[in-house]
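S.K.: To start, I am sharing the structure in question, which I have written as structure tokens.
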Amino acid sequence: MTAPADNKPLLDVRGLTIEIDTRRGPAVIVDGINLTVGKGETLGVVGESGCGKSLTMLSLVRLLPNKIRVKGGTAEFAGRDLLKMSKSELRQVRGGKIGFVFQDPMTSLNPVMRIGDQLCEPLIYHRKMNKADARVRAIELLRLVGIPGPEQRIEAYPHELSGGMRQRVMIAIGLACDPELLIADEPTTALDVTIQAQIVDLVKDLRKKLNMSVVWITHDLALIAGLVDRVAVLYAGTVVEDAPVNELFARPTHPYTRGLLASIPKLSDERASRLSSIGGTPPEPGRRPKGCPFAPRCGLAESVCHERVPVLEPVAGSGGHRVACFVAQRQMMEAA
Amino acid sequence: MTMTPVNLSSTVADDEPPVSLWRDAWHRLLRNKLAVAGLAVVILLAFVAVFGPWLTPYDFLTQDLSARNQAPSLAHLFGTDDLGRDVFSRVVYGTRTAFVVAIVVTAIAVVIGVTLGAMAGFFGGMFDRVVMWFTDMTMSVPNLLLVVVINASLKTPITAWMEARYQATLNPFYRETIWVDFLLVFGSMALISWPPYARLVRAQVLSIRGRPYVTAARALGLTNRLILMRYIVPNAIGPLIVSVSAGLGTAMVLESAFSFLGVGVNPPTPSWGNMISDGLRVWQHYPHLLAAPAAVLGLATVAFSFLGDGLNDALNPRGSK
Amino acid sequence: MAAEPLIKVENLVKHFVVRLGAFGERGATVYAVDDVSFDIFAGETLSLVGESGCGKSTTGFTLLNLQKATSGKVIFQGENIVSLDEKRMRPYRRELQIVFQDPYSTLNPRMTIGEVVGEPILFHKLATKAELPECVSRLLADVGLPARFAQRYPHELSGGQRQRVAIARALACQPKFIVCDEAISALDVSVQAQIINLLLDLQEKYGLTYLFIAHDLAVVRHISTRVGVMYLGRMAELATREQLFSNPLHPYTRALLSAVPEADPELEKTRQRQILTGDVPSPLAPPAGCRFHTRCPIAMDKCKAVVPEWREVVPGHHVSCHAVGMETAG
Ligand SMILES: Nc1ncnc2c1ncn2[C@@H]1O[C@H](COP(=O)(O)OP(=O)(O)OP(=O)(O)O)[C@@H](O)[C@H]1O
Ligand SMILES: Nc1ncnc2c1ncn2[C@@H]1O[C@H](COP(=O)(O)OP(=O)(O)OP(=O)(O)O)[C@@H](O)[C@H]1O
Ligand code: SF4
Ligand SMILES: [Mg+2]
Ligand SMILES: [Mg+2]
């Protein structure tokens, strides 16, 4: 293990740009994303459905689908650029030092293989365990993610499990090798609140024990409120806001973030009252507006927003809070 | 906070027609060098099979007893055989034989195999058990043995019957024993070739039948026929194409093996198989008589199998590097 | 509430037989759904919540006869639909739709989104060929997808976009009843709000009925008329939204409600969560008596032996717990 210098982040993504081939030529899907995750830090990633969260994370482990490729940028993990690593080095990292929880459990699990075997695979490959030890560890992992009767369930095929169980199997696979970095792509969408809490506690626990770093993609803002240290808000393939979690909830700054927080149904809401949502749809790859990608839907947009692209800049009067919005920047400046 | 909702429901006019999955697969295939090489060889051989006989300098039957067993030269690229026939011309004509045998045999085998396999997989039950029993039976008897038995028991009576017809009608058609050859070779080869297709298709159908998207189709209330045609068959066809490609090569090898045993296409119709078996008898003296047909056969099977592997990768729509 | 229910579920049971051991040499039974009865009224949203793996999806599947029920009845329009074979079931299918929990695997990889959404429309003759593109783009727009997506294949969409395609496909059938199995779980809150608004609008306009399976209790509270709580294959509590959230009776419901996270880091730190202890039992070997007794904070001896009866303690408020009667009586 090559320990990075103490102040250096474990994962440092700079200017990551992802392109897709369309009939009209290449189009940008992810546009120059910067993300850093320190050792032992947990980063929450939220954003509109289809904004490029999954593709960003898949690009880090070089699992992008056909026709989609990284156009530029670097992604240093423990000082080594993941995007330039040799295949064999990458294999060591994937599933070993970086644990990955995919968004679609049913399609990511092999339908004709028992889940126990799928859990044992990384243990045997990365941890060089023998079959018997791997099996013991696999049962333990299933118990940790709260699957009842793990001794029997280890022999189940994916279709014999409930949606939430499959998702927990994915989490178990992601955690199997005690990774330095866990990338979890909407890992709890099918889990009820009690199990969710259990998984969150488990991840917190491992974070403390192994000093594990976590990137947690989700749209469940309530869940990440108690889990993450920092939140990056993505919109149309760019980071539009990046702040410590308390700060983000206390002072949401970007109009998109504010719209997002306003859309959460509250437990105290009346039934059938209409929920507020952000009107319009996000731009598609290849049809991005000239200025701020959010401008066409933004209630605050001014002429400058349609002309120039705002960059992520520190918000006046707060530490570590950055936002990419002309108007919000000015408002915060005036407020401060 | 106010959000003016702007309806961006975009114009329907579209400048981005769908890239069909087949097209996509074709592009992926073209990126695979081995598969492209295989495809090129297959196309070349197919061209030779169709137009070859018009392109060769000699007729494949013309004997020239003054030029027997000649080594390769400019006049005879692959030399001549023991009757002074041009080996190059015979190999070229043999390509036609090989393709005809491979295509006809595979076509029969695929039709039988796919029909039985798909029905067995979809309907299950008794029908499935009977079909599977037949495939198991056919696959457990040694192939060559089966073919030898069929040939030995059927060939003599059929030839005798044709000879009798000729005597009675004097119709020259009955003199063409080549049809008997083809019939028997095709028939018996197809008989031993269909079970793998049936098994493959049945397994495919069985696994696809349980996929969630088939359940979803049922939930929409679609009929069995629609589900079979739009959901099961299109998703099962990829592996079938792959195995057909490899199967064509296998059929060519099989034909050669039969010829070698004397149950294949009979001389004087040239086939790579009977040329190889003739060549084997004299290979110490005239190695070119063995080398030429054997090399072409080898080339053809390797080409088909590269192509099959390439198709396998290309037809997987989500495949990533 | 209308007296005659749209769908009547009576003693529905679904057991799976699974093979265990390296060669599948041992058989075992999964008690996925065990003796569940409830009514679904026309025009209501009945939500189903409960721990992961407690049998919510299975209830949805057997209800629509997509999996054969082991026993029990589901009465729809006077017919016990779970006893019908595939062919006799088909006429009911258009009216009874489902949005599956795992959208990606339920989309045919070889059909474009336009074909996926258009197929039921054409098949059920809900529009002509000429009107089809218009219909498809309207449905896609309803779920917040641009019309251009009709040209794409499922693997070219993001997770949330696929889920919206699955919703559009169910709506395309113009059904009466939809099982929404975690239908909005992969959507960000803004799109989620949009879809919830859409579902409520449709309900208002066409009197649609939903069986809404979800884990997000804030959403459940927002959208439901009544809420059912399942635990390990059995119904634990069923009540109107107000009753359930203001006066939860079953100990499991109480624990569940206390676990809801808040979208506020300050509140999150101070929130009192009631943590359930004890082993989570497996549906392969459910405990005797009340299935919750291994984790129940107020379990009594009786709970270990006797299955609590499913009773209506207050009009419209059903529960199965021995302690409840005693509490309210005493
Ligand atoms: N193979 C593909 N071909 C074309 N477009 C694609 C492909 N895969 C993804 N996209 C598009 O790229 C965008 C980003 O997709 P991505 O999966 O990263 O979204 P996401 O942020 O994870 O969304 P969600 O929250 O819905 O999962 C989407 O608009 C999607 O439609
Ligand atoms: N085809 C099957 N074969 C065997 N067991 C099954 C099958 N389908 C479901 N089960 C089992 O039935 C139980 C209930 O599953 P179900 O999918 O209904 O749960 P759920 O309540 O929907 O959970 P989740 O919230 O995680 O989706 C689980 O224990 C599951 O393992
Ligand atoms: S019946 Fe007993 S064990 Fe079950 S919930 Fe009630 S008190 Fe708890
Ligand atoms: Mg995603
Ligand atoms: Mg489920």
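S.K.: If you bin every alpha carbon distance in region B:110-164 into 10 Å steps from zero, what whole percent lands in each bin?
M.R.: Percent of pairs per bin, in order: 21, 32, 27, 18, 4.
S.K.: Can you list the residues in region B:192-219 whose accessible area drops by at least 40 Å² when all protein chains are present, compared with the chain alone? Use a 1.4 Å probe, heavy atoms only.
M.R.: Relative to the lone chain, where solvent access is computed with a 1.4 Å probe, region B:192-219 loses at least 40 Å² at B:Pro212, B:Tyr213, B:Thr215, B:Ala216, B:Arg218, B:Ala219.
S.K.: Moving on to the next point. With only Lys, Arg, Asp and Glu charged, each at its Cβ (+1 for the first two, -1 for the last two), find how big the charge dipole of chain C is about the Cα centre; round to the nearest 20 debye.
M.R.: Values: 36 positive and 36 negative charges, 147 e Å.
Roughly 700 debye, rounded to the nearest 20.
S.K.: To continue, here is another question. Which Cys residues of chain C have no other Cys beta carbon under 4.7 Å away?
M.R.: That list is C:Cys54, C:Cys135, C:Cys173, C:Cys180, C:Cys296, C:Cys321.
S.K.: Heads up, I need the accessible area for A:Cys51: 1.4 angstrom probe, whole protein in place, Å², nearest 10.
M.R.: That residue has around 10 Å² of solvent-accessible surface.
S.K.: Could you work out Rg/(2.2 N^0.38 Å) for chain A, with Rg from alpha carbons only?
M.R.: Compactness ratio reported: 1.03.
S.K.: Given a 1.4 Å probe and no ligands, DNA or RNA in the count, how much accessible surface is buried by C and B, both sides, to the nearest 100 Å²?
M.R.: 2900
S.K.: Restricting to lysines 8 or more places apart or on different chains, can you count the pairs in chain C with Cα atoms under 19 Å from each other?
M.R.: Total qualifying Lys-Lys pairs in chain C comes to 14.
S.K.: If R0 is 30 Å, what FRET efficiency do you get for A:Arg274 and A:Lys204 from their C-beta distance, rounded to 0.05? Show your work: numbers first, answer last.
M.R.: On the way: r = 36 Å, r/R0 = 1.20.
Computed FRET efficiency for A:Arg274 and A:Lys204: 0.25.
S.K.: Which of the chymotrypsin sites (Phe, Trp or Tyr not before Pro) across region C:9-43 are loop residues per DSSP, with 10 or fewer other Cβ within 10 Å?
M.R.: C:Phe23
S.K.: Run the simple label-point estimate for B:Trp26 and C:Met300 please: 7 Å along Cα→C-beta, distance reported in nm.
M.R.: 7.6
S.K.: Would you mind telling me which residue in C:Val116, C:Val18, C:Val229 has the biggest mean-square fluctuation in a Gaussian network model of chain C, where springs connect alpha carbons within a distance under 10 angstrom?
M.R.: C:Val18
S.K.: If contacts are Cα pairs under 8 angstrom and at least 6 residues apart, what is the relative contact order of chain A in percent?
M.R.: It comes to 18 percent, rounded to a whole number.
S.K.: For region C:59-174, what percent of Cα pairs sit more than 17 Å apart? Mind showing how you got there, number by number?
M.R.: On the way: 3844 of 6670 pairs.
Every Cα pair in region C:59-174 considered, those over 17 Å come to 58 percent.
S.K.: Still on this model: In whole angstrom, note down how far apart the Cα centers of region A:219-234 and region C:1-74 are.
M.R.: 35
S.K.: From the Cα trace of region A:3-124, what convex hull volume per residue do you get, rounded to a whole Å³?
M.R.: Working: hull volume 17.4 nm³, N = 122.
Enclosed volume per residue, from the Cα hull, is 143 Å³.
S.K.: What percent of all Cα-Cα pairs in region A:87-223 falls into each 5 Å bin, going from 0 up to the bin containing the maximum distance?
M.R.: With a bin width of 5 Å, the distribution comes to 2, 11, 21, 25, 23, 13, 5, 1, 0.
S.K.: Give me the distance between the Cα centres of region B:96-171 and region A:31-91, rounded to whole Å.
M.R.: The distance from the Cα centre of region B:96-171 to that of region A:31-91 comes to 56 Å.
S.K.: Follow-up. Taking the C-alpha atoms of the protein assembly as shown, how large are the radius of gyration and the largest Cα-Cα span, Dmax, in Å?
M.R.: Every Cα atom of the protein assembly as shown included, Rg and Dmax give 33.6, 121 Å.
S.K.: Using a Förster radius of 30 Å, what is the FRET efficiency between C:Val314 and C:Thr277 based on their Cβ-Cβ separation? Nearest 0.05, please.
M.R.: So, using R0 = 30 Å, E works out to roughly 0.50.
S.K.: Let me ask something additional. Only Cα pairs within less than 10 Å get springs; with that Gaussian network setup on chain C, which residue of C:Val191, C:Val82, C:Val99 has the largest fluctuation?
M.R.: Looking only at C:Val191, C:Val82, C:Val99, the biggest GNM fluctuation is shown by C:Val191.
S.K.: With each run of n ≥ 4 DSSP H residues scored as -39500 (n - 2.57), what mean residue ellipticity at 222 nm is computed for chain A after dividing by its residue count and rounding to the nearest 500 deg cm²/dmol?
M.R.: -9500 deg cm²/dmol
S.K.: Provide the per-residue ³J(HN,Hα) series for region B:104-116, in order, calculated from phi with Karplus coefficients 6.51, -1.76, 1.60 and θ = phi - 60°, each as a whole number of Hz, with x at glycine and proline positions.
M.R.: 5, 4, 5, 4, 4, 4, 5, 4, 4, x, 5, 4, 5
S.K.: What do you reckon, how do A:Ser318, A:Ser303 stack up by accessible area (1.4 Å probe), largest on top? Numbers along the way, then the final one.
M.R.: Details: A:Ser318 30, A:Ser303 90 Å².
Of A:Ser318, A:Ser303, the descending order of accessible area is A:Ser303, A:Ser318.
S.K.: Calculate, in nm to one decimal, what B:Leu261 and B:Ala168 gain on full extension: separation in residues at 0.36 nm each, minus their alpha carbon distance.
M.R.: The span from B:Leu261 to B:Ala168 would gain 30.2 nm if fully extended.
S.K.: Remind me, what semi-axes does region C:181-263 give for its equivalent ellipsoid, largest first in whole Å, using sqrt of 5 times each Cα gyration tensor eigenvalue?
M.R.: In descending order, the three semi-axes are 23, 16, 12 Å.
S.K.: Mind giving me the FRET efficiency for C:Arg254 and C:Glu115? R0 is 60 Å, r the Cβ-Cβ distance, nearest 0.05 is fine.
M.R.: With a Förster radius of 60 Å, E is 0.80.
S.K.: If you count only protein heavy atoms and use a 1.4 Å probe, how large is the accessible surface of C:Asp201, to the nearest 10 Å²?
M.R.: My reading of the accessible area for C:Asp201 is about 70 Å².
S.K.: To the nearest 100 Å², how much accessible surface do chains A and C hide from each other in total, with a 1.4 Å probe?
M.R.: Roughly 5400 Å² of accessible surface disappears when A and C pair.
S.K.: Along the positive direction of the dipole of region B:202-318 (beta-carbon charges: Lys, Arg +1; Asp, Glu -1; about the Cα centre), which of B:Phe260, B:Leu311, B:Pro239 reaches farthest?
M.R.: B:Pro239
S.K.: Under the rule that an exposed site lies in a DSSP loop and has at most 16 other Cβ atoms within 10 Å, name the longest stretch of chain C with no trypsin sites (Lys or Arg not before Pro) of that kind, not counting the sites themselves.
M.R.: C:130-270
S.K.: Do any GluC sites (Glu not before Pro) in region A:196-277 lie in a DSSP loop with no more than 11 other beta carbon atoms within 10 Å, and if so, which?
M.R.: Details: sites: A:Glu241, A:Glu247, A:Glu270; in loops: A:Glu270.
Counting only loop positions with at most 11 other Cβ atoms within 10 Å, the GluC sites (Glu not before Pro) in region A:196-277 are A:Glu270.
S.K.: Calculate the spin-label point distance for A:Arg14 paired with B:Ile237, positioning each point 7 Å from the Cα along the beta-carbon direction, and give it in nanometres.
M.R.: 5.0
S.K.: Just for the Cα atoms in chain C, what are the lengths along the principal axes, largest first, rounded to whole Å?
M.R.: That works out to 67, 52, 50 Å along the principal axes.
S.K.: OK, next. Just to be sure I understand the curve: with the Debye formula and one point per C-alpha of region A:181-313, what is log10 I(q)/I(0) at q = 0.12, 0.15 Å⁻¹?
M.R.: The Debye formula, applied to the Cα set alone, gives -0.59, -0.88.
The values are calculated or read from the model by the stated rules, or taken from the named source; none is laboratory data. Everything quoted here is computed from the prediction, not taken from an experiment. Glycine gets a Cβ as well: all are built from the backbone with ideal geometry, and neighbour counts include every protein chain shown. Only protein heavy atoms, including side chains, enter the accessible area calculation; ligands, DNA and RNA are left aside. Shrake-Rupley method; radii C 1.70, N 1.55, O 1.52, S 1.80 Å.
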